[in-house]
Each structure stands twice: as C-alpha cells, then as structure tokens.
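A quick write-up on the structure given underneath.
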Amino acid sequence: MKLLLTSGGVTNASIRQALVDLLGKPIEESSALIIPTSGYWFSRGPDIAYGLITGTSRSPMAQLGWKTLGVLELTALSTIERDAWVPRVRATDAFLVGGGDPMYLADRMRDSGFADILPTLPDTVYVGLSGGSQALTPSLGATYNDRDTRGYRPLAVVDFSMGVHVDHPDMPQNSIAEYEKWAADIPNAVYLCDDATAIKVVDGKVDVVSEGHWKLVPPKG
C-alpha cells in the first residue's frame, strides 16, 4: 500500500504530482473509489458525503479527473457477499478516503474486513483526507472530537500520528500551540500539517510534501 495522507485533500500542484508519482501514471488513466464513511459520525454526515462524492467540497479528491470513479460505503460491506466487492477493491488504483471521525472510520474498516485487505495491496494508493488519514495512525492522544481516546488504537499502518488543518482560519482551536499540547499525550512522532501539506509513505519511507507549513513533534524519549 502506498500512502498519501493529506490534511485538506489534493490542494496544490506538489501534492498532485506526488499522487501521480505514486500511481505511476496520469490521474486521467487511473481508477478510484471514494470512501465517505468517516463523515457519517457527524450530524452533517450526509452533506459531508455528498460534497466528497460530487467533488463540490473544498477538499479536492473526486474532481481530479479520474478515468473511473465509484463509491465504496464500508458500512454496507458486511451485508453483502465478499465476491461482490473484493474484486473491485483489488482492481482499483486509488482509494479516496474522506474526512470525519477517525475512530468511527477505523472501526468500520475493521468490521467490514476492508482493513484486512489493505496489507495485500502493495500497488494501490490510499489517499486520506483529514480523519481518513488519521485512521491509519497509532494514536489520537488523550481526546479527539470531544471523546476520551486514551487507550484507543487506530489501524497503526504508520508509526506516526497527525494533527490536521493546522492554523485553519475556521478552526482557531487548531493552532500549532494547541496541537503541541495535544501531542504531549502521544508517545510516537506527530506531524502537524496545514491543508497545503501531505505525508507520502512508500515502503515505510516518509516524505513531507508541502506548499504550506508543518511541524514534526518528535517521539517522547
């Protein structure tokens, strides 16, 4: 699995080029599946999902010019035969995993069996957006989305955590200073990323792709 973990989507030329490099071909020749599941944890979930799927949100994912585009709803997978969805998942070039609540998303990935398939897809690109990126981390600190997350472990596909939407004008609570307080409860490294930044991971090698600003909070000890 190749990872492009973003805060705000494919928001600039540098992140787009990183995506093309991971795909190994133009976006216009690539297939993708949108996963809107994470947004449903919020009361605005239907609106979040609609914006992601239709490409009308401020977070560029669906509107990048994909050759084919489908929707994969994780909550439906446990109710249908695996033969109905696994082949399409395996044949897809990229997963576009929308934002929302990373705990809800990680749990649904486990429940559906989707998480078990991810390690068997070495050439597929996972493009995370906000909570869609954080679901792959090992820790969400002591609290997240007003919930006690001490002891909760997301999928831990990567060995670092992420603070997203850093210094966003609509999110005053997401300042670097506030995020550093949050990161103090996390034992592993934490990348604090604004919406012009993404983390690219291939075979465990981590690269920061940014036209904005970011900060690495090193692991404790």
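Restriction of the GluC sites (Glu not before Pro) in the stretch 130-221 to DSSP coil positions whose beta-carbon has at most 15 other beta-carbons within 10 angstrom yields E211. Taking the three principal axes of the alpha carbon atoms in the stretch 73-115, the coordinate ranges are 28, 24, 13 Å, sorted in descending order. By the compact-protein rule of thumb, 2.2 N^0.38 Å, the alpha-carbon radius of gyration of the stretch 155-208 corresponds to a ratio of 1.19.
DSSP assigns beta bridges within the chain; of those with both partners inside it, close to 45 percent run antiparallel. Highest GNM mean-square fluctuation among A32, A142, A49, for the chain modelled with Cα contacts below 10 Å: A142. What is the distance in Å between the Cα centres of the stretch 27-100 and the stretch 197-219? One Cα centre to the other: 24 Å. The order of L52, L3, L118, going from fewest to most other C-beta atoms within 10 Å of their C-beta, is L118, L3, L52.
Building the convex hull from the alpha-carbon atoms of the stretch 2-217 and averaging its projection over directions returns 10.9 nm². Return the lysines within reach of K25: Cα separation strictly under 17 angstrom, same-chain partners fewer than 8 residues apart disregarded; answer none if there are no such residues. Partners within reach: K2, K67, K200.
Cross-link partners of K181 among aspartates and glutamates, defined as those whose alpha carbon lies under 18 angstrom from its own and excluding same-chain residues fewer than eight positions apart: D146, D148, D167, D194. The H on the amide N of M162, modeled in the peptide plane, is under 5 Å from the matching H of Y191, each at least 5 residues off or on a different chain.
About its Cα centre, the dipole of the chain is roughly 220 debye, where the only charges are +1 on Lys and Arg Cβ and -1 on Asp and Glu Cβ.
Taken together, the values in this text are just the output of simple stated rules run on the coordinates, not laboratory data. In this text, all values refer to a predicted model and were calculated from it rather than measured experimentally. Backbone-built Cβ (ideal geometry, glycine too); neighbour counts: all protein chains shown.
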